[in-house]
């Protein structure tokens, strides 16, 4: 994935800027580290990350502001030369190859538990995008919609697809909701799992399909759905009352939370419905649904808390930000599962960014030291007045020797007991 981003970014930069433009893999990893640091330590604007008041020391040591903006300007995820052909069949072509690699990694490297939650995620964005969505009930009205399957216990993102509009390959008789669930649950079928959905996805036909693949479903039903029998609508429900309708495929629970609110829950995992001994007398299907419905919502809340999202005019960059957020969350889950340690997400994200930037920062220091050694090897011309390089106030003082640590020319005021050791290095060592 990093090589794909590197190749596409270099290709775009050389077409628009200079033929010598280059970005190595360690530098790209350092760029992603800066993006993660920026998400953890929120500042008013991008330039404030390098300011004296709000600046992050790690960011300033890793990459300059001009270089970060230069990479961001040329950041691309596909080849522009072949994009026109691919867009004809794939609206997501500008980043589809990279996203498919990320999705496959999410599926491959984690085994989810019994309960998986499926829901939609609206990633906030107001860029010019052909499949931008408007959902009035969401906190951010505009964004790019993703279908997400999430493990209930760990909030690991098991599978995720973007919504780009009508799918040409989907049969007309098949509902979009059924197609989405079967596509998300494809790698996890035939293993005795339970999927929890909301009233957009739940249906009798979907329950039949999942049941044939050894998977059960638990979800709410919209009251206008044809799956609800007329007798269930005609019954006058009193407060905290329950009615059960059973079929060979699923069990429908009609629960009246109040005189004006009735909830319909369909389950293919409950053959017997029990009612709890309390004032509200909730049935077991309602209790089970309440405890398993929040997987994707909790995941989205965790991602937003330390999101790397920033203003951009290109929708592939917004998708890339969402990918980094999801990858960082999954990495935290995998780290805790593999090591058995419990670590706060901000601490983990800071260490993750440090490890990503470590290779580039080390090579940068080595390059600087080699440059200083090369500079130190250059003999001082006899009779030429050299300026001190240690302090700004000593720029006019004559200097004839170099420090043994930093190889900077040192004047008499900046030296210590040893004439070739400058005052700054003497304080450090």
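Laid out as a table, the results:
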{"item": "Computed Rg/Rh of the range 111-298, alpha carbon atoms with Kirkwood Rh", "result": "0.98"}
{"item": "Reference-scaled alpha-carbon Rg (2.2 N^0.38 Å with N residues) for the range 197-279", "result": "1.08"}
{"item": "Over the range 42-96: Kirkwood hydrodynamic radius from C-alpha pairwise inverse distances, Å", "result": "13.7"}
{"item": "Global form of the range 143-225, assessed from the alpha-carbon gyration tensor, a/c cut-off 1.5", "result": "rounded"}
{"item": "Over the range 33-173, volume per residue of the alpha carbon convex hull, in Å³", "result": "186"}
{"item": "Value of [θ]222 nm, deg cm²/dmol, for the chain, DSSP H segments ≥ 4, -39500 (n - 2.57) each, nearest 500", "result": "-13000 deg cm²/dmol"}
{"item": "Cα gyration tensor, the range 123-182 - rounded (a/c under 1.5), prolate or oblate", "result": "oblate"}
{"item": "Least to most buried among 157, 286 (fewest other Cβ within 10 Å first)", "result": "286, 157"}
{"item": "Relative counts (whole %) of C-alpha pair distances in the range 74-135, using bins that are 5 Å wide", "result": "3, 12, 15, 21, 20, 14, 9, 4, 1"}
{"item": "At 1.306 mPa s and 10 °C, Stokes diffusion of the range 261-360 via Kirkwood alpha-carbon radius, µm² per second", "result": "92"}
{"item": "Among beta bridges that DSSP assigns inside the chain, antiparallel share in %, nearest 5", "result": "85"}
{"item": "Order of 97, 173 under a 10 Å beta carbon neighbour criterion, fewest first", "result": "173, 97"}
{"item": "Globularity index of the chain, i.e. its alpha-carbon radius of gyration over 2.2 N^0.38 Å", "result": "1.34"}
{"item": "Inter-label distance for residue 45 and residue 297, nm, one decimal - labels placed 7 Å from Cα along Cα-to-Cβ", "result": "3.8"}
{"item": "Label-to-label distance, nm, for residues given as residue 225 and residue 14 (7 Å Cα→Cβ offset)", "result": "5.4"}
{"item": "Pairwise label distance in nanometres, residue 337 with residue 91, each label 7 Å out on the Cα-Cβ vector", "result": "3.2"}
{"item": "Euclidean distance of C-alpha centroids, the range 283-308 and the range 132-205, integer Å", "result": "15"}
{"item": "Peptides ranked, highest mean first, by Cβ atoms within 10 Å: ranges 105-116, 353-364", "result": "353-364, 105-116"}
{"item": "Viscosity 0.890 mPa s, 25 °C: Kirkwood-radius Stokes-Einstein D of the range 182-236 over Cα pairs, µm²/s", "result": "201"}
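Throughout, read-outs are computed from the coordinates displayed, never taken from laboratory work. Note that the structure is predicted; figures quoted are calculated from it, not measured. Reconstructed Cβ throughout: ideal geometry from the backbone, glycine too, with neighbour counts over all protein chains shown.
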